[in-house]
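K.L.:
I have a structure here, written as C-alpha cells, and I will follow up with some questions on it.
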Amino acid sequence: MQQHYPYRLFPVTVFLLCAAALLRAPAYAQVDTVYPGSGHLRTSALQPGLKQYLVYYQRPGAGKTLWCWYWIRDIAVETRNGEKVYAIHQQWLGSDTASYRVIFSLNRAKDFAPLYHTESGNGKTNAYNWSAAGIAGADTVEANAQKDFALAFDRPNFNWNLDIETFEMLPLAEGRTFAINFYDAGREPPEFVLYKVTGSEQLTLLGQVQVDCWKLATTGSYNGVAYTQTFWISKQQHELLKEEDVFDKMFRCKIKLPRAAPKLTL
C-alpha cells in the first residue's frame, strides 16, 4: 500500500475468478458482459457539470484519526474532430501537496469508449492515447513518463479511473450482475470485474430527504488481501451518492457533496 490511501482500491479480478463467481450466482441473476460497444451503458444518463466528493478513511489502530481527500470532477460535452465526446477534468486534494493530482480524460459520447487519459501529480505526468485496439504513451505530451508504454487489447475496455461515471450509466435493476471490462492505464492488462446489484436502500440526505438507491457491490482480493466495495446509486437521477470500501481492515467512505458546496479556487 502507498503511504497515502490509494485513490481507488485497484481491485485485481481475473476473468477466471469472474467465471467462478458467475457459477455460484443465483439462477435468477442476469449477467451482462459490459464493454464499449456492448450497448449496455445509457450514456444519456451521464449529466454534465460539477461533482464534488469528500473521501475519508481510517487505518487500523488509528480509530481517532481521519485521512481525507477532496475530489472535484467536472464533466463537459464537447466536439473534437467532428465527434461528440465527454471531457472529464478531475482534481484530487489531500493533506499535502504531494497528494494533489490533476486528471483529464476524453471518452466517446456514444459508448463511453476511452480516447485519451492523462494524470499529473508529485512532479510526474502519465499521458496515453487510447483505442479499442490498444493504449500507448502520448508522444506529443512534454515530459510524459509513459511515452514508451504500449499495450494491445483483445477487446475494448473502459477507463477504471472513471468507474463512478461508468456505474451511473449502468441499467441497474434487482438481480442484475455486470462483468465490466476495466483497465487502469499503465498497469496490468484489462480484466473483467463482477459488480452485483445486491438490493435497494434509502439514503438520508440533507434536510432529511430520502433518496431510493440501488446498492452495487464487488468483492475480491489484492496481493492476497480481501476487499469489498459497495456503491449507492440513486434510482431516479442515476447519481453515485455514496461508496464504502474495506481493505485489510482499512475503511474508506466517499460522499457526494451537495450542489451548494462551492468549487474550490486553486
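K.L.:
Which value in nm describes the separation of the simple spin-label points at Leu203 and Ala76, placed 7 Å from the Cα toward the beta carbon?
P.N.:
Here the modelled spin labels are 2.7 nm apart.
K.L.:
Mind checking the dipole of segment 78-210: about its Cα centre, +1 per Lys or Arg Cβ, -1 per Asp or Glu Cβ, Debye to the nearest 20?
P.N.:
With Lys and Arg at +1 and Asp and Glu at -1, about 180 debye.
K.L.:
Evaluate the relative contact order of the chain (contact order divided by residue number), counting alpha-carbon pairs under 8 angstrom at least 6 apart; express in whole percent. Don't skip to the end; give the middle numbers.
P.N.:
Numbers: 585 pairs, mean separation 47.9, N = 266.
Computed over the chain, the figure is 18 percent.
K.L.:
Here's something else I'd like to know. According to a simple spin-label model (label point 7 Å from Cα along Cα-to-Cβ), what is the distance in nm between Phe149 and Ala260?
P.N.:
Here the answer is 4.1 nm between the modelled labels.
K.L.:
For segment 74-145, calculate the relative contact order in percent as a whole number, restricting contacts to Cα pairs under 8 Å that are 6 or more residues apart. Walk me through the numbers on the way to the answer.
P.N.:
Values: 145 pairs, mean separation 13.9, N = 72.
Result for segment 74-145 is 19 percent.
K.L.:
Now, a different point. Using Cβ contacts closer than 10 Å as the measure, can you line up Ile180, Ile88 from fewest to most?
P.N.:
Neighbour counts put them in this order, fewest first: Ile88, Ile180.
K.L.:
Please give the net charge around Arg59, taking every other residue with its beta carbon less than 12 angstrom from that of Arg59, where Lys and Arg add +1 and Asp and Glu add -1.
P.N.:
So the surrounding residues net to +2.
K.L.:
Students often get this wrong: which residues of segment 190-204 have the backbone nitrogen under 12 Å from the point 7 angstrom along Cα-to-C-beta of Lys235?
P.N.:
199-203
K.L.:
For the chain, modelled as a Gaussian network with Cα springs under 10 Å, which listed residue fluctuates most, Lys51, Lys64, Lys124?
P.N.:
Lys64
K.L.:
Same structure, new question: Using only DSSP helix segments of four residues or longer, with each worth -39500 (n - 2.57), what per-residue ellipticity at 222 nm results for the chain after dividing by its residue count and rounding to 500? If you can, show how the numbers build up before the last one.
P.N.:
Numbers: 2 runs with 16 residues, N = 266.
Calculated mean residue ellipticity at 222 nm is -1500 deg cm²/dmol.
K.L.:
Can you give me the distance in nm between label points at Asp212 and Gln47, each placed 7 Å from the Cα along the Cα-to-Cβ direction?
P.N.:
So the label points at Asp212 and Gln47 sit 1.8 nm apart.
K.L.:
Could you give the dipole magnitude of the chain about its Cα centre, charging the beta-carbon of Lys and Arg +1 and that of Asp and Glu -1, in debye to the nearest 20?
P.N.:
With Lys and Arg at +1 and Asp and Glu at -1, about 520 debye.
K.L.:
Here's something else I'd like to know. State the answer as a single residue: which of Thr228, Ala185, Ser200 lies farthest towards the positive end of the charge dipole of segment 176-265, with beta carbon charges of +1 for Lys and Arg and -1 for Asp and Glu, about the Cα centre.
P.N.:
Ser200
K.L.:
Which of Ile164, Asn107, Leu151 sits closest to the plus end of the dipole of the chain, meaning its Cα is farthest towards the positive end, when Lys and Arg get +1 and Asp and Glu get -1 on the C-beta?
P.N.:
The residue sitting most towards the positive pole is Ile164.
K.L.:
Another question about this same structure. Please report Thr177, Thr230 as a ranked list, fewest other C-beta atoms within 10 angstrom at the top and most at the bottom.
P.N.:
Least crowded to most crowded, the residues run Thr230, Thr177.
Taken together, the values in this text are just the output of simple stated rules run on the coordinates, not laboratory data. Just so it is clear, the structure is predicted and the values come from calculations on it, not from any experiment. In this analysis, Cβ positions are derived from the backbone assuming ideal geometry, glycine residues included, and neighbour counts consider all displayed protein chains.
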